[in-house]
Amino acid sequence: MEVNPLSMPAQIAVADDAEATDFNAGENNMSYLTSSHSTLLPWAQNNLVDIHDGPAQTDATNMFWHIPKAGGTTAKQLYQCMGKTLTIRIGIDPRHGHDQTDEIVVFPPIAGKDWKTVNVDTTIRPGIVRAKKMGLVQSRTADLIFTMEPAFAGEQLFDPQNKGRIMALFRNPVDRLVSKFYYLQTATWERTYKPEWKDMTIVEWAELPSEDENFMVRKLSGKRFSEPVNEMDLILAKEFLRQRVVVGLMGEMTESFRRFNIAMNVDVQEERNRRCVEEYFGVKDADSGVKNSNKHPKVVEGSPEWRALAKKNHLDIILYSYAERLFEEQKQIIDSYTAQDSENKQQESVEERNEPQPIVEVIHRKL
């Protein structure tokens, strides 16, 4: 029996539908994107647009889930280059004088640059709560909301009348963690700078309690570090990706951002946008992350270091494999957005031609 997750508690819906929704089995015999089963939580069902609905069909606010060390900084830099309005941490920097204001303020945070930000910080939970009270989404001021809390932001910021479209870049969890391990050893400018990691091996580091353990599944389930995640959370995370997320891969940066631009209705033929795309994804930098790379030793799959990290992040590894499959299947879906846009424009043209012409009254005066 198919269960409607909107009509009963989420735990029951997940339990009854778990076997049908676990696509690890028989994945070669079905398309992930055409399954009729759903275990979406009510807020995800109601507040976010479906992956099949393009920008021409929905007036949604775009949100980017920034997974640390997975290309999120490149996303910020690209859309800053295009002059977009982004919600990032700099918006509440006290130096700008808008951090205590209760009203939405849009402003350029860097002199000489025309990209803008908003006086909210949607990357963290307290900032998301504040942005909700201020009516960020309803104000329609942001071109792209950045967050590290996709479930919390999706539930709090959006509603059925003001929906969101979410996109994200994914990276192999072990590679992402190795990058973070080496990066924070030297990143003195980061608030999370960890010079003590220089004296540790990756195996020793992997044994420490960490908020990065199954990070992606945890964030998509909305659970905090103190709350354990399990296979049911993995099922919910898979469904969330399948039905609501425009999936990108860090190893496919050029194609990923081509899809993000389509989903955001960015005209890459416009001269400025075209130059920005070429700057970040030209021949030299295509799919390499050169613009924001962090050089470090590689960890070979199957090595003790790789096994130590993989063991603690087994749910994330399953989810990443699933995201890779979705990336392949979503190409046709995202490309169909342009067809939807063309159909809408054609319909608007027909309607304009069929509109009755205004009657011009000619008044003859007797001279």
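The values are calculated or read from the model by the stated rules, or taken from the named source; none is laboratory data. Keep in mind that this is a model prediction, so the values were computed, not measured. No Cβ is skipped: glycine too gets one built from the backbone with ideal geometry, and neighbour counts run over all protein chains shown. Please note that ligands, DNA and RNA were not included when accessible areas were found on the heavy atoms of the full protein model with its side chains. Shrake-Rupley method; radii C 1.70, N 1.55, O 1.52, S 1.80 Å.
Around the amide H of M63, modelled in the peptide plane, lie the amide H atoms of I145, R165, I166, M167, all under 5 Å away and 5 or more residues distant in sequence or on another chain. Residue order by solvent-accessible surface for R258, R275, R165, R130 is R275, R258, R130, R165, largest first, with ligands and nucleic acids left out and a 1.4 Å probe.
Pull up all non-local amide H partners of T85: gap of 5 or more, or a different chain, and H-to-H distance under 5 Å with H placed in the peptide plane. Answer set, sorted by chain and number: K116, D143, L144. Classify the range 147-302 from the C-alpha gyration tensor, please: rounded if a/c falls under 1.5, else prolate or oblate depending on whether a/b exceeds b/c. The shape class here is oblate.
Determine the distance separating the Cα centre of the range 149-204 from the Cα centre of the range 89-142; give it in Å without decimals. Each part reduced to its Cα centre gives a spacing of 21 Å.
Looking at the square roots a ≥ b ≥ c of the eigenvalues of the Cα gyration tensor of the range 200-260, which shape do they give, rounded for a/c under 1.5, prolate if a/b is larger than b/c, or oblate? Judged from the Cα gyration tensor, the range 200-260 comes out oblate (a/c at least 1.5, b/c at or above a/b). Solvent-accessible area of D159, all protein chains in place: 40 Å² (probe radius 1.4 Å, heavy atoms, ligands and nucleic acids excluded). Run the Debye formula on the Cα coordinates of the range 62-181, all scatterers equal and no solvent, and tell me log10 I(q)/I(0) at q = 0.14, 0.20, 0.21, 0.24 1/Å. Scattering profile of the range 62-181, log10 relative to I(0): -0.58, -1.10, -1.19, -1.43. Taking the Cα centre of the range 140-183 as reference, the dipole from Cβ charges on Lys and Arg (+1) and Asp and Glu (-1) amounts to some 140 debye.
Phi-derived couplings, Karplus 6.51 cos²θ - 1.76 cosθ + 1.60 at θ = phi - 60°, listed residue by residue for the range 180-189: 5, 4, 6, 4, 6, 6, 10, 7, 4, 7 Hz, with x used for Gly and Pro.
Show me the ranking of peptides 141-148, 53-60 by mean Cβ neighbours inside 10 Å, starting with the highest.
Details: 141-148: 22.5, 53-60: 16.9.
Highest-to-lowest ranking by the protection proxy: 141-148, 53-60.
Number of Lys-Lys pairs in the range 109-266 with C-alpha atoms under 23 Å apart and a separation of 8 or more places or on different chains: 19. Counting 0.36 nm for each residue step from T192 to E329 and taking away their Cα separation leaves a gain of 45.7 nm. Please list, by residue number, everything in the range 180-223 whose backbone N is under 20 Å from a paramagnetic label point 7 Å out along Cα→Cβ of V129. Output list for this probe position: 219-223. Each residue of the range 84-91 is assigned a 3J(HN,Hα), and the resulting list reads 7, 9, 10, 9, 9, 4, 4, x Hz, derived from the Karplus form 6.51 cos²θ - 1.76 cosθ + 1.60 (θ = phi - 60°), x at Gly and Pro. The heavy atoms of R224 present about 130 square angstrom of accessible area, all protein chains included, probe 1.4 Å. For the range 295-327 and the range 214-241, what is the separation of their Cα centres, given in Å? Here the answer is 17 Å between Cα centres.
Couplings 3J(HN,Hα) of the range 306-314, computed from phi: 5, 5, 5, 6, 5, 4, 7, 10, 5 Hz, in residue order, whole Hz [Karplus 6.51 cos²θ - 1.76 cosθ + 1.60, θ = phi - 60°; x for Gly and Pro].
Accessible surface comparison of Y193, Y337, probe 1.4 Å, protein chains only, largest first: the order is Y193, Y337. Close amide-amide hydrogen proximity is noted between M264 and no other residue 5 or more places distant or on a separate chain, at a cut-off under 5 Å (H modeled in the peptide plane; Pro and chain starts excluded).
Among the protein heavy atoms, those of D175 account for about 70 Å² of accessible surface (1.4 Å probe, every chain in place). Accessible-area rank, largest first, for V300, V105, V217: V300, V105, V217, with all protein chains present and a 1.4 angstrom probe.
Within the range 219-283, the GluC sites (Glu not before Pro) that combine a DSSP coil assignment with at most 12 other C-beta atoms in a 10 angstrom radius are E270. Available extension along the chain between K311 and N265 is 12.6 nm, counting 0.36 nm per residue and deducting the alpha carbon span.
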